[in-house]
Amino acid sequence: MKRIVVKIGSNIIAHGKEGLDTKRISSIAREIADLHNTGYDIVIVSSGAIAAGMKKLGLKGKPKDIKLKQAAAAIGQSSLMWAYEISFGDYGKKVAQVLLTRDDFSDRKKYINSKNTLLTLLSYRIVPIINENDTVATDEIKFGDNDYLASLVASIIEAERLIVLSDVDGLYTEDPRHSAKAKIIEYVEEITPELELKAGGAGSTIGTGGMYSKVIAAKRAVSNGITVHIINGKKDGLLTSLMAGKHCGTVFNPKKEKLSSRKGWIAYGSRSKGNLVMDEGAVNALIQGGKSLLPSGIISVEGDFETGDAVYCIDSKGNRIAKGLTNYSSPEIEKIKGRKTSEIEKTLGYKYSDEAIHRDNLVLLEDRKGNIRV
């Protein structure tokens, strides 16, 4: 498969005061069309709707009120898609609008449906243009940023690469806007907490143009075996040069042992509905023994969830050790926590499974080096 996801930020193709930069959109469309002609399936994740809507509404600054944001998104989305429609049409390409919310990934059925829709569009040689559905999205169902959305899209279509167009040349050792000593990091083999800090993570006083969200998105993607590139989206020709084999920006190399599609969804797509607090024995059984989570190892239950929902498995200090799909609801686990598997049926009057979470439905989360334990 030759599949690429290209993430385009609003700062690349839009300005709050001037609206959409149609010349830049046309230039990017030309490069993507050239790659498309060589046989690549390409999906675009594009921001810009709110910025486009701001101009139509005559707003001087980005709206803070959620209703006004949604109104700006509704007005601007049509302009954004029309700009892509015109630009790709000039190069003989057809595009399709796909608007998604967090729920389209957290619900397994919606996730599969979204995947089938995207793959069908690609089979017809259509270029999907994906954006978050800001018109209806609330804080509970928002991705937070389109970098996150792009990493999920790359996973769902099993892309070989995720290319993030940034307003800087890549990831730097320091913020290039404030330090002349800043040097670009050309290759990243492992995304460590120290690297996240360089990108503007928690505890840092810097933030390189939203670089932190891009690094976190890269971490998710490389765990699924996807190569991630961060390149300058304001420079012409970099996309085609990159795909021709020339090194550009920063490249994050994929993990050799990637998560399966299902476990990738559990880790990053599903939305957690609660926590299961484990004792030390259960923590060791999961990390060192590769075991399932049994009721006997559960100390307490947090949240309200049903059978099949995703929950985090945490230690007594609140550290997230794993994430999985539970075989029992929260009221049921409250009754069987700390009990042996032989006591489940006696306690509940029935038994779905010996395990609270089976190993096949469990993903161990990051260790201190940022590695996914599988």
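Kindly indicate the residue of the stretch 6-26 that is in a strand (DSSP E or B) and farther than 16 Å from Leu238 by Cβ and also nearest to the chain's Cα centre (by Cα) among those meeting that condition. Lay out the reasoning, then the answer.
Of the residues in the stretch 6-26, the ones in a strand (DSSP E or B) are 6-8, 14-15, 19-20.
Of the ones still in play, those that are also farther than 16 Å from Leu238 by Cβ are 14-15, 19-20.
Details: Ala14: 22, His15: 24, Gly19: 26, Leu20: 25 Å.
Across the stretch 6-26, the extreme among qualifying residues is Ala14.
Which of the residues belonging to the stretch 14-46 are buried (at least 23 other Cβ atoms within 10 Å of the Cβ), of a type in the set (Gly, Ala, Ser) and out of contact with any Phe, Trp or Tyr (no Cβ under 9 Å at 6 or more places or on another chain)?
Residue satisfying the conditions is Ala14 alone.
In the stretch 244-281, how many are part of a helix (DSSP H, G or I) and more than 21 Å from Ile298 (Cα to Cα)? Before the answer, list the steps.
Start the filter on the stretch 244-281 by keeping residues that are part of a helix (DSSP H, G or I), which leaves 261-269, 280-281.
Still in the running and more than 21 Å from Ile298 (Cα to Cα): 261-265, 268-269.
Of the residues in that region, 7 qualify.
Let's see how each residue does on (1) modelled with pLDDT of 95 or more; (2) of a type in the set (Val, Ile, Thr); (3) more than 26 Å from the chain's Cα centre (by Cα):
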site: Ile28; (1), (2), (3): yes, yes, no
site: Ala33; (1), (2), (3): yes, no, no
site: His36; (1), (2), (3): yes, no, no
site: Gly48; (1), (2), (3): no, no, no
site: Ala72; (1), (2), (3): no, no, no
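Looking at the stretch 115-130, I want the residues that are over 23 Å from Trp82 (Cβ atoms) and surrounded by fewer than 18 Cβ atoms within 10 Å (Cβ to Cβ) and have a partner that is among the polar types (S, T, N, Q) and modelled with pLDDT of 95 or more with Cβ atoms under 8 Å, at least 6 apart or on another chain. Which pairs are those?
Final answer for the pair search is none.
Somewhere in the stretch 261-268, is a residue over 21 Å from Asn146 (Cα atoms), in contact with a helix residue (DSSP H, G or I) (Cβ under 9 Å, 6 or more places away or on another chain) and buried (at least 21 other Cβ atoms within 10 Å of the Cβ)?
From the stretch 261-268, those over 21 Å from Asn146 (Cα atoms) are 262-263; that's our starting set.
Then keep just the ones that are in contact with a helix residue (DSSP H, G or I) (Cβ under 9 Å, 6 or more places away or on another chain); that gives 262-263.
Still in the running and buried (at least 21 other Cβ atoms within 10 Å of the Cβ): 263.
Checked the stretch 261-268: at least one residue is over 21 Å from Asn146 (Cα atoms), in contact with a helix residue (DSSP H, G or I) (Cβ under 9 Å, 6 or more places away or on another chain) and buried (at least 21 other Cβ atoms within 10 Å of the Cβ).
Restricting the search to the stretch 315-334, which residues are at pLDDT 95 or above and either of a type in the set (Val, Ile, Thr) or loosely packed, with under 14 Cβ neighbours inside 10 Å (or both)?
Matches in the stretch 315-334: Thr326, Pro331, Ile333, Glu334.
Are there any pairs, at least 6 apart or on different chains, whose C-beta atoms fall under 9 Å, with the first in the stretch 46-66 and more than 14 Å from His15 (Cβ to Cβ) and the second assigned to a loop (DSSP other than H, G, I, E, B) and among the hydroxyl-bearing types (Ser, Thr, Tyr), and if so, which?
Within 9 Å, the pairs are Ile66/Thr138.
Identify, please: which residue in the stretch 70-102 is in contact (Cβ under 8 Å) with a residue 60 or more places away in the chain and closer than 30 Å to Phe305 by Cβ and is, among those, surrounded by the fewest Cβ atoms within 10 Å (Cβ to Cβ)?
Within the stretch 70-102, the match that is surrounded by the fewest Cβ atoms within 10 Å (Cβ to Cβ) is Gln70.
Could you grab me the full set of residues in the stretch 213-228 that are in contact with a strand residue (DSSP E or B) (Cβ under 9 Å, 6 or more places away or on another chain) and of a type in the set (A, V, I, L, M)?
Passing the criteria: Val215, Ala217, Ala218, Ala221, Val222, Ile226, Val228.
If we scan the stretch 244-254, do we find a residue that is of a type in the set (Val, Ile, Thr), surrounded by fewer than 19 Cβ atoms within 10 Å (Cβ to Cβ) and within 19 Å of the chain's Cα centre (by Cα)?
Within the stretch 244-254, the subset of a type in the set (Val, Ile, Thr) is 250-251.
After this cut, where a residue has to be surrounded by fewer than 19 Cβ atoms within 10 Å (Cβ to Cβ) as well, the list is none.
No: the stretch 244-254 contains no residue that is of a type in the set (Val, Ile, Thr), surrounded by fewer than 19 Cβ atoms within 10 Å (Cβ to Cβ) and within 19 Å of the chain's Cα centre (by Cα).
Kindly evaluate Ile50 against the criterion of being aliphatic (A, V, I, L, M), over 15 Å from Leu239 (Cβ atoms), assigned to a helix (DSSP H, G or I) and touching an Asp or Glu at 6+ places or on another chain (Cβ under 9 Å). Let's see the steps before the verdict.
Details: aliphatic (A, V, I, L, M): yes; over 15 Å from Leu239 (Cβ atoms): yes; assigned to a helix (DSSP H, G or I): yes; touching an Asp or Glu at 6+ places or on another chain (Cβ under 9 Å): yes.
Yes; evaluated as a whole, the condition is true for this residue.
Part of a helix (DSSP H, G or I), closer than 21 Å to Leu118 by Cβ and of a type in the set (A, V, I, L, M): does that describe Leu80? I'd like the intermediate steps shown before the answer.
Values: part of a helix (DSSP H, G or I): yes; closer than 21 Å to Leu118 by Cβ: yes; of a type in the set (A, V, I, L, M): yes.
When the stated conditions are applied, Leu80 passes them.
Looking only at residues in the stretch 50-67 that are in contact with a Gly (Cβ under 7 Å, 6 or more places away or on another chain) and among the charged types (D, E, K, R), which one is modelled with the lowest pLDDT?
Lys62
Kindly list, by first and then second residue, each pair from a residue in the stretch 245-268 that is at positive phi to a residue that is assigned to a strand (DSSP E or B) and crowded, with 18+ Cβ neighbours inside 10 Å, limited to pairs with Cβ atoms under 8 Å and residues at least 6 apart or on different chains.
Hits for this filter: Gly249/Ser166; Gly249/His229; Gly249/Ile230; Gly249/Ile231.
Restrict the check to the stretch 235-251 and report whether at least one residue is assigned by TED's automatic domain parsing to the domain that holds Asn11, at pLDDT below 90 and touching a strand residue (DSSP E or B) at 6+ places or on another chain (Cβ under 9 Å). Don't jump to the end; show me each part of the working.
Residues of the stretch 235-251 that are assigned by TED's automatic domain parsing to the domain that holds Asn11, as a first pass: 235-251.
Cutting the leftovers down to at pLDDT below 90 gives us none.
So far as the stretch 235-251 goes, no, none of its residues is assigned by TED's automatic domain parsing to the domain that holds Asn11, at pLDDT below 90 and touching a strand residue (DSSP E or B) at 6+ places or on another chain (Cβ under 9 Å).
Which condition number does Gly200 fail, the rest of (1) modelled with pLDDT under 85; (2) part of a helix (DSSP H, G or I) being met?
All conditions are met except number (2).
The values are calculated or read from the model by the stated rules, or taken from the named source; none is laboratory data. Just so you know, these numbers come straight off a predicted model, no measurement behind them. Every residue, glycine as well, gets a Cβ built from its backbone with ideal geometry; the counts of neighbours run over all protein chains shown.
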